[in-house]
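The values are calculated or read from the model by the stated rules, or taken from the named source; none is laboratory data. Model, not experiment: these values are computed from the prediction. Cβ placement follows ideal geometry from the backbone for every residue including glycine, while neighbour counts extend to all protein chains displayed. With ligands, DNA and RNA removed, areas are computed over all heavy atoms of the protein, side chains included. Shrake-Rupley method; radii C 1.70, N 1.55, O 1.52, S 1.80 Å.
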Amino acid sequence: MTFGEQPAYLRVAGDLRKKIVDGLLPPHTRLPSQARIREEYGVSDTVALEARKVLMAEGLVEGRSGSGTYVRERPVPRRVARSGYRPAGGATPFRQEQADGEARGTWESGSEQTLASGAVAERLGVKPGDRVMRTRYLFREAGEAMMLSTSWEPLDLTGRTPVMLPEEGPLGGMGVVERMAALDVVVDNVTEEVGARPGLAEELHALGGVPGHVVLVIQRTFYASGRPVETADVVIPADRYRVAYHLPVK
């Protein structure tokens, strides 16, 4: 193979991908069979099979039991806004948006005490095995699961206080900044690191994805004078959403 030349299975996958993107193979159309691909492109069964696997891994096609492989409906990506903006009243931006009468977003959550894993302990600046409050969220838009979030807070900071449970008590649902302020802890910085990876089975089950789908993972940590007071993993389906940042200019 000369420099820059693609393997045969990638060339076949690329041509089929172009047909899908250009609409020559519209959604719900049956993908050419392995035998048809072999004959049309003059390749082996192995190459034809690998090409189909590429398209499936990219989420362009899906297998239907006993029927074959079909082109998937391609969703139009929607935006998930991220910013340093804090709405009046203390609600998080997501909750503020849902206060609009036309918004159709909902969420569910649950909190439980647990022990910090090594990774979480490092992010919170505590020891592995220290007690933390873990809260899991599932956000929906018009009934469709759109985002997962798992947050951890050190109980040596919030334990036995009115804000120990993020979604309950006098400041339930008000966001990290406002809840920590009730403890005289001033949150002055937040970091977010964005990465991508294949979704875990339980994540894709909750978000309505299929095996192999990629998710965006936002690793967020709030700080007060350099001390981490909350850290979270936000998981978003990469094929349905784009993360848009709005950052203030100082």
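Taking a ≥ b ≥ c as the square roots of the eigenvalues of the alpha-carbon gyration tensor, segment 101-221 is classed oblate because a/c is 1.5 or more while a/b is no larger than b/c. Projecting the Cα atoms of 175, 158, 146 onto the charge dipole of the chain, computed from C-beta unit charges around the Cα centre, puts 146 farthest toward the positive end.
Element breakdown for segment 142-250 at a 1.4 angstrom probe: carbon and sulfur atoms account for 58% of the accessible area. Rolling a 1.4 Å probe across the protein heavy atoms gives the chain an accessible surface of 57 Å² per residue. Shape of segment 116-169 from the C-alpha gyration tensor: oblate (a/c of 1.5 or more and a/b not above b/c, with a ≥ b ≥ c the square roots of its eigenvalues).
Which residues in segment 150-191 place their backbone N less than 18 Å from a point set 7 Å from the Cα of residue 247 along the Cα-to-Cβ direction? Once the point is set 7 Å along Cα→Cβ of residue 247, 188-191 turn out to lie under 18 Å by backbone N, inside segment 150-191. When the Gaussian network model of the chain links Cα atoms closer than 10 Å, the mean-square fluctuations of 160, 197, 140 top out at 160.
Among the listed values (1) 18.8; (2) 16.3; (3) 15.0, the one computed from these coordinates for mean projected area of the Cα convex hull in nm² is (1). Proximity of backbone amide H atoms, modeled 1.01 Å from N, is registered between residue 238 and 214, 215, 216 at under 5 Å, excluding neighbours fewer than 5 places apart on the same chain.
The shape of segment 202-250 comes out oblate: with a ≥ b ≥ c from the C-alpha gyration tensor, a/c is at least 1.5 while a/b does not beat b/c. So if I take the centroid of the Cα atoms in segment 147-175 and the same for segment 187-250, what is the distance between those two points in Å? Each part's Cα centre sits 19 Å from the other's. Give the longest segment of the chain that steers clear of chymotrypsin sites (Phe, Trp or Tyr not before Pro) in DSSP loops with at most 16 neighbouring Cβ atoms within 10 Å, not counting the sites themselves. Answer from the scan: 86-250.
FRET efficiency for the residue 223 to residue 64 pair, using the beta carbon distance and R₀ = 51 Å, is estimated at 0.55.
Figure legend: label point modelled 7 angstrom from the Cα of residue 127 along Cα→Cβ; residues of segment 150-171 with amide N under 19 Å from it are 153-159.
Close amide H pairs (under 5 Å, H built 1.01 Å from N) link residue 229 with 222, 223, 224, residues at least 5 positions away or on another chain.
Computed with a 1.4 Å probe on the full set of protein chains, the accessible area for residue 53 sits at about 110 Å².
Each Lys or Arg adds one and each Asp or Glu takes one away; over the other residues whose Cβ falls under 14 Å from the Cβ of residue 59, this sums to +2.
Dipole magnitude for segment 122-250: computed about the Cα centre from +1 point charges on Lys and Arg Cβ and -1 point charges on Asp and Glu Cβ, it is near 120 debye.
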